[in-house]
Amino acid sequence: MKNEETSSKLANFPIMLFAVIMGLGGLTLSYEKLNLTLGLSDIIFEILRSATSLIFIAIAALYGIKIIKFKDDVKKEISHPVKINFFAAFAISLFLLSAMWSEFASLHSVLFYIALVLQTFFTFYVIAFWINNNLLINHSNPAWFIPIVGNLVVVIASDSKSEFLWYYFSIGLFFWLVLFTIVFYRIIFHDQLAQKFMPTLFIVIAPPAIAFLGYTRLVGSFDVFAHVLLNLTIFFTGLILFMYKNFMKLKFFLSWWAFTFPTAAASMTFVKAYELSREMIYLYFGVIMFVVLLFFIGVVGYFTIKAIKNDEICVAEH
C-alpha cells in the first residue's frame, strides 16, 4: 500500500515545483546584488546558494525518477497548454545556479551550457506547440512568459558579452511584446484569471526587469532604451502592488511562487539602476522590493511546507 502511495506521488510530482528554485534563486542573486552594493554578509549568500542548490538537486532527482518511471504522465504535462511553460523553469533554474556559482568557472560552464541547450529546445518546442495546436484564449495567462523570459535570463547568466547573446535577447524581447498583447487582451476582454493563476500576474514584472539587466550588461551604459525598460519595470511593479487586494484572499496553490522571482528581478533591476546612475531613489526601491521578497518567500515557503506535510502537493488534479 505504501509503495502504491509513493508511486502515486511520483506520478503526480509537478513540473511547477521548479518555480520554487526560480524564487529561491532570485532571492539568492538579489541578496548578492545588495551585498555587493551595501556590504552585508558573505556568509548569508553562501547559505542561500547552498540551500537553493540542495533543494534543486532534490526536486530534479525526483522529477528525473518520474521521467523514468512515469513517461506517460510527463508527456501529459509537456502537452498541457499551461504546464508546458513550466518546463522552461528547469532551464531557468540551471541558469540561476550557474550565476550563483560563477566564480567556479568549470561548474558555471557546465550548468550554463546545459541550460542553454535546454532553453533553446524549449523555446522552439513551446512556440511550435502554440502554432500547431488550437489553443483557447482562456488558456493564455502570464505563465506563458516563462519560456520567453528564459531567453532574457541567458544574457545575465553568461560570463561573457558574446555576440550570440543578442540572439537570445532579441527573441525574448520580441515574444515578450507579442505575448503581452495576447495576455492583456485576454485579461480585459475575456473571463478573469482563475484563482490559481492570479499570482502569475506578478510575472508581467519579470520581462522588462530581466531585459533591463541583460541590455545594460550587453551595451554597458544607461542609455535611452535602458531608461524605457527601467520605467516599464517601475510601472508594472507599481501596478501589481496597487492591485494588492486581488491577492489577499487567494487559496494556496504552487502558483504562489510566481510572487517571488519577478519581485527578485525588480529588486536587482533597481539596484543595478542605482549602480549606473547613483540615484538614491533606485537603491531605496531595490531595498523595498527585497524586503517584500523576503516576506513573500517566508509566507509562500511556510504554506508550501504545510501543503507538503498535509499531502496536498503531489496529488492528481480534478
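Summary of values
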{"quantity": "Cα-Cα over 27 Å, subset of Lys33/Lys66; Lys251/Lys309; Lys9/Lys251; Lys33/Lys161; Lys33/Lys309", "calculated": "Lys33/Lys66; Lys33/Lys309"}
{"quantity": "Residue-by-residue Karplus 3J(HN,Hα) for segment 15-25, coefficients 6.51, -1.76, 1.60, Hz, glycine and proline x", "calculated": "4, 4, 5, 5, 5, 4, 5, 4, x, 5, x"}
{"quantity": "Rounded if a/c under 1.5, otherwise prolate or oblate - the chain, Cα gyration tensor axes", "calculated": "rounded"}
{"quantity": "Cβ crowding within 10 Å averaged over residues, with 136-146, 305-315 ranked highest first", "calculated": "136-146, 305-315"}
{"quantity": "Cα centroid separation, segment 227-294 to segment 1-79 (Å)", "calculated": "22"}
{"quantity": "Sparse-neighbour loop sites [chymotrypsin sites (Phe, Trp or Tyr not before Pro); segment 4-108; at most 13 other C-beta within 10 Å; DSSP]", "calculated": "Phe104"}
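Quick note: the coordinates plus some simple rules give every number you see, no bench work behind them. What you see is a predicted model, and the numbers here were worked out from it, not measured in a lab. Please note: Cβ atoms are built from the backbone with ideal geometry, for glycine as well, and neighbour counts cover all protein chains shown.
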